[in-house]
1. Check LEU92: other-chain or 5+ apart residues with amide H under 5 Å from its amide H, H built from backbone geometry?
2. In what sequence, highest mean first, do 103-112, 121-130 appear when ranked by Cβ atoms within 10 angstrom?
3. Measure of size requested: the Rg and Dmax of the stretch 59-172, with Cα atoms as the atom set and Å as the unit; please supply both.
4. Hey, can you find the accessible area per residue of the stretch 72-159 for me, probe 1.4 Å, expressed in square angstrom?
5. Rg/Rh for the stretch 57-109: what does it come to with C-alpha atoms and Rh from Kirkwood?
6. What order, most packed first, do the peptides 69-79, 151-161 have when packing is the mean number of other Cβ atoms within 10 Å of each residue?
7. Using modelled amide H (1.01 Å from N, peptide plane; none on Pro or chain starts), what sits under 5 Å from the amide H of LEU117, excluding residues fewer than 5 places away?
Amino acid sequence: RAQLSQRANSRATRRLQARAAQRGLDCSSLLGSRQAKVYASHLDIRVFTSSAECIDAVRADGRALWVTDLSQEALPLTSDVAALRRALPPRLAIVIGSEGVGVSKVMVDAADVRVFLPMWGFTESFNISVATALVLQRLLDAMPDSRGALPPEEMQRLRTEWYDALARTEEQ
């Protein structure tokens, strides 16, 4: 029985390692592949050399810039969907700062709106992954039509990439 379990576990480990290798990821038998890396492969990521370069790109793309900030000037990002829907611009870029330092002064100064997540009780701050999840969920709750709202050419590009990744043979 122990040998059977070990063999099944070994097969599962090999399958996990093979899937990770296909995606260009490292995989340890103890930790597996990092799920964030797997999901990140489905994102279009742009890297900027400076905050100023990022701000210029946001402005050139016609987006409003919102930053998370705990200052007195920041507005609460509440769960009031109707109020948030009225406040949302047609196109938005949101910057969420690191846990220790927050958003850079350059980003805060460039912000069109500063927002914060209201907290109750003994909570002083959320870690960055929780804060990001809460911010994104509140925005998606306020604008449910934005889910999957891509231009047709972008949707086709993504479908082609996805179908190519799913195919196991040239005929597929």
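1. Answer set, sorted by chain and number: ALA64.
2. In descending order of packing, they fall as 103-112, 121-130.
3. 17.8, 60
4. I get 68 Å² per residue for the stretch 72-159.
5. Reported Rg/Rh (Cα atoms, Kirkwood Rh): 0.98.
6. 69-79, 151-161
7. HN-HN under 5 Å from LEU117: LEU77.
The values are calculated or read from the model by the stated rules, or taken from the named source; none is laboratory data. Only a predicted model underlies this, so the values are computations on that prediction, with no experimental measurement involved. When we count neighbours, we look across all protein chains shown, and the Cβ atoms used for this are built from the backbone with ideal geometry, even at glycine. These area figures cover heavy atoms from the full protein model, side chains too; ligands, DNA and RNA do not enter into them. Shrake-Rupley method; radii C 1.70, N 1.55, O 1.52, S 1.80 Å.
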